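Read the structure below first, then the notes.
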Amino acid sequence: MPAKRVQVENVNNPGSQRTVDGAMYEAMKRAFLRTLPRTAPGLTAAEIRERLPAYLPADLFPGGAKAGWWAKTVQLDLEAKGIVSRAAPKAATTVRRRALWDACGRAGSE
């Protein structure tokens, strides 16, 4: 049975979509959202990279392999979908979760 694939968007290239490995994407998405705070100022890219390994499954990301690429892919996709936001329009490295999304990526109330 072929691996599950998911389509991801890129906030920097509206309308563009790519298909990526579903298991890798979902694992990184869970870890990424678990890492991010809900309030400003958020975390820098370096802080995210430092905290992610604690939440990544070792079978998919042994020793953190490829975590940087997947973290950026997930960040850009979640930004395009309005789940996370940058601290300011030009702030490329400070990211936080949007108020109406919980750690599982479902709409909720706070």
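Matching residues to (1) touching a residue at least 12 places away in the same chain (Cβ under 8 Å); (2) within 19 Å of ASN10 (Cβ to Cβ):
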position: MET24; (1), (2): yes, yes
position: ALA31; (1), (2): yes, no
position: TYR55; (1), (2): yes, no
position: PHE61; (1), (2): yes, no
position: ALA65; (1), (2): no, no
position: THR73; (1), (2): yes, yes
**Study point:** Selection within region 10-53 - among the β-branched types (Val, Ile, Thr) and over 12 Å from ARG97 (Cα atoms)
**Key:** VAL11, THR19, VAL20, THR44, ILE48
Exercise for review: Quick one: which helices (runs of 4 or more DSSP H) lie wholly within region 1-89 and hold at least 3 residues that are buried (at least 16 other Cβ atoms within 10 Å of the Cβ) and modelled with pLDDT of 95 or more?
Suggested key: 22-35, 67-80
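The values are calculated or read from the model by the stated rules, or taken from the named source; none is laboratory data. Just so we're clear, the structure is a prediction, and the values are computed from it rather than from any experiment. So basically every Cβ, Gly included, is an ideal-geometry build from the backbone, and we count neighbours across all protein chains shown.
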